[in-house]
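Q: Please see the structure below; I have some questions.
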Amino acid sequence: MNLLVRTLGGALILLILLAITYFGHMSLAVGFTIFSLIAIKEITKAFENIDVKVPKMLLYVCDLLIMVLTINSNPDAFNLAIIFSVIAILIYMLFNKNRTLNDIFASIFIIMYVPTLMGSIIKIADISYVWSLYITAWGSDTFAYLTGSLIGKNKIKSIAHISPNKTLEGSIGGIIGALILNIIYVKYAPLNINLTYVIIFSIIGAILSQLGDLVASYIKRKTGIKDFGNLIPGHGGIMDRFDSMVFIAPIFYLLSVL
C-alpha cells in the first residue's frame, strides 16, 4: 500500500510539473508561484519547531513580488524585488520588538531559499533548458540512489551527521547518470549549444543537486521533522520534492543566457 501511494503521489506531481512546463513560461510561472507559497508555509512551520517565528504574511507578499517580477524580461526587476524584500524584512523587524535576530536571519534565508531559487527556474530563457534541469535533478537523484544501493561501500564521513547512508559511489553514479542523460537529451532537443557546455553544466548541476538535497536534509534534522509536509502522498511536501531542483536553477538560468 505504501508503495502504491508513493507511486501515485509521484505520478501526480510529475504530471502537474510536465503540464505547467509544456504549456510555456506563463503556466510555468503560475505553477512555481503556487509551489513557492506552499514551500514558504512548509519552511516557516518547520522553523516554529525550534522557536523561530517569522512574519508569514510579509514573506508571502515578498514571495509574490519576486515571483511575479521573474516574468519581466528586465533582469533588474527580479534583482530589485529580492533587494526590496530583504529591506522590507529589516524594516519590519525594527518596529517589532518581539522578533529576535534569529527571526530576522531566518526570514532573509527563506526569501533567498524559496522565491529567489524557484524564480530562477522561471527566468530560464528557453523551456528546453528547463527540461534539462529536470533531467539533471531527477537523473542525479535516481542514479545516485541506484548506484549507492548496488555498489555503495564508502560512506561520505563528512556528511554522516546529515545523511549517514550517502556513499561516494552513489554520488559519482548520480553525476555520471545525469551527464549521460543530458548528452542524450541535447542530441534530440532543439538546443544550439556546445557539447562542452553540456558536460560542464551537467557535472556542476549534478553536484549542486546532491548538495541541495543535503541542505534540505540539514534543515529537517535541525528542526526535528521527517518531511516538510504531506501534500504529496508518499513523498512529503513541495520542498521534499523540489529541494534539488531549486538548488541548480541558477546554474541552468546561466546556461540558458550564455
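Q: Do we find that Leu254 is more than 18 Å from Leu17 (Cβ to Cβ), in a helix (DSSP H, G or I) and open to solvent by 70 Å² or more (accessible area, probe 1.4 Å) in this structure?
A: For Leu254, the condition - more than 18 Å from Leu17 (Cβ to Cβ), in a helix (DSSP H, G or I) and open to solvent by 70 Å² or more (accessible area, probe 1.4 Å) - is met.
Q: Tally up the residues in the stretch 221-249 that are under 15 Å from the mean Cα position of the chain (by Cα) and among the polar types (S, T, N, Q), please.
A: 1
Q: Answer yes if at least one residue in the stretch 121-133 is within 30 Å of Cys62 (Cα to Cα), surrounded by fewer than 20 Cβ atoms within 10 Å (Cβ to Cβ), hydrophobic (A, V, I, L, M, F, W, C) and in contact with a helix residue (DSSP H, G or I) (Cβ under 6 Å, 6 or more places away or on another chain), and no otherwise.
A: Yes; the residues of the stretch 121-133 include at least one that is within 30 Å of Cys62 (Cα to Cα), surrounded by fewer than 20 Cβ atoms within 10 Å (Cβ to Cβ), hydrophobic (A, V, I, L, M, F, W, C) and in contact with a helix residue (DSSP H, G or I) (Cβ under 6 Å, 6 or more places away or on another chain).
Q: Still on this model: Is there a residue being in a loop (DSSP other than H, G, I, E, B) and open to solvent by 80 Å² or more (accessible area, probe 1.4 Å) anywhere in the stretch 205-220?
A: No - not one qualifying residue is present in the stretch 205-220.
Q: Residues that are of a type in the set (Phe, Trp, Tyr), open to solvent by 20 Å² or more (accessible area, probe 1.4 Å) and closer than 30 Å to Ile50 by Cβ: does the stretch 195-202 have at least one?
A: no
Q: Same structure, new question: Among the numbered criteria (1) of a type outside the set (D, E, K, R); (2) within 26 Å of Leu17 (Cα to Cα); (3) free of Cβ contacts under 8 Å to residues at least 60 places away in the same chain, which one does Ile172 miss?
A: (2)
Q: Let me ask something additional. Restricting the search to the stretch 48-81, which residues are open to solvent by 20 Å² or more (accessible area, probe 1.4 Å) and of a type in the set (Val, Ile, Thr)?
A: Selection gives Ile50, Val61, Val68, Ile71.
Q: Here's a follow-up. When the residues of the stretch 103-120 are narrowed to those that are closer than 13 Å to Ala81 by Cβ and not hydrophobic (A, V, I, L, M, F, W, C), which ends up surrounded by the most Cβ atoms within 10 Å (Cβ to Cβ)?
A: Pro115
Q: Which of the residues that make up the stretch 230-251 are on the phi > 0 side of the Ramachandran plot and open to solvent by less than 30 Å² (accessible area, probe 1.4 Å)? Give the derivation first.
A: Narrowing the stretch 230-251 to residues on the phi > 0 side of the Ramachandran plot: 234, 236.
Hit for the stretch 230-251 is Gly236, nothing else.
Q: Would you confirm, using the coordinates I've provided, whether Ile13 is modelled with pLDDT under 90 and in contact with a Lys or Arg (Cβ under 8 Å, 6 or more places away or on another chain)? Before the answer, list the steps.
A: Numbers: modelled with pLDDT under 90: yes; in contact with a Lys or Arg (Cβ under 8 Å, 6 or more places away or on another chain): yes.
Judged against the criteria, Ile13 is a match.
The values are calculated or read from the model by the stated rules, or taken from the named source; none is laboratory data. Everything numeric here is computed off the predicted structure, so don't read it as measured data. Reconstructed Cβ throughout: ideal geometry from the backbone, glycine too, with neighbour counts over all protein chains shown. For the accessible areas, the whole protein counts, side chains as well, though only heavy atoms, and no ligand, DNA or RNA atoms are used. Shrake-Rupley method; radii C 1.70, N 1.55, O 1.52, S 1.80 Å.
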